[in-house]
Amino acid sequence: MKFIIGIAIGAVGMWAYRNGKFQGLFGNAPESMQQAWQPAAERITQVAKSDQVQQAVSAVHETVAQPAPEIAKPTAAEVAGRPSEPLPTSGA
């Protein structure tokens with residue numbers, strides 16, 4: 001669950017970075033702050049595009065997309081406590 005939350009936060013961060021939302025946030029920051037942020041943002045972009053991350057995202061997507069197993073639905077007789085066939089007796 002933490003992994004999925006991390007991916008979601010990262011996706012929102014990448015969206016904000018690509019659309020220039022961080023530029024407005026850091027636009028008034030000192031030049032040294034902007035210079036410090038730029039390499040980190042570039043590194044995050046490189047990591048997000050790496051094959052390992054893409055494979056992990058694909059694996060998570062496949063796992064989440066799998067249909068749930070069929071749930072057993074008892075018959076009315078089973079719910080009432082009376083099986084449709086008599087219980088087997090022990091052959092003692």
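The values are calculated or read from the model by the stated rules, or taken from the named source; none is laboratory data. Only a predicted model underlies this, so the values are computations on that prediction, with no experimental measurement involved. Positions of Cβ are generated from backbone atoms using ideal geometry, with glycine treated the same way; all protein chains shown enter the neighbour counts.
Quick one: what pairs do we get from the range 1-30, first residue farther than 15 Å from Val57 by Cβ and at pLDDT below 75, second surrounded by 10 or more Cβ atoms within 10 Å (Cβ to Cβ) and of a type in the set (S, T, N, Q), C-beta under 8 Å, 6+ apart or different chains?
Tyr17/Thr45; Phe26/Gln34
Which number in (1) under 18 Å from Tyr17 (Cα atoms); (2) at pLDDT 80 or above marks the one condition that Ala72 misses?
(1)
Name the pairs: first residue in the range 60-81 and within 25 Å of Ile5 (Cα to Cα), second residue among the hydrophobic types (A, V, I, L, M, F, W, C), Cβ to Cβ under 8 Å, at least 6 apart or on different chains?
Val60/Phe3; Val60/Ile4; Val60/Ile7
How many of the residues making up the range 50-74 are loosely packed, with under 10 Cβ neighbours inside 10 Å and either among the aliphatic types (A, V, I, L, M) or part of a loop (DSSP other than H, G, I, E, B) (or both)?
The number of residues fulfilling the criteria is 11.
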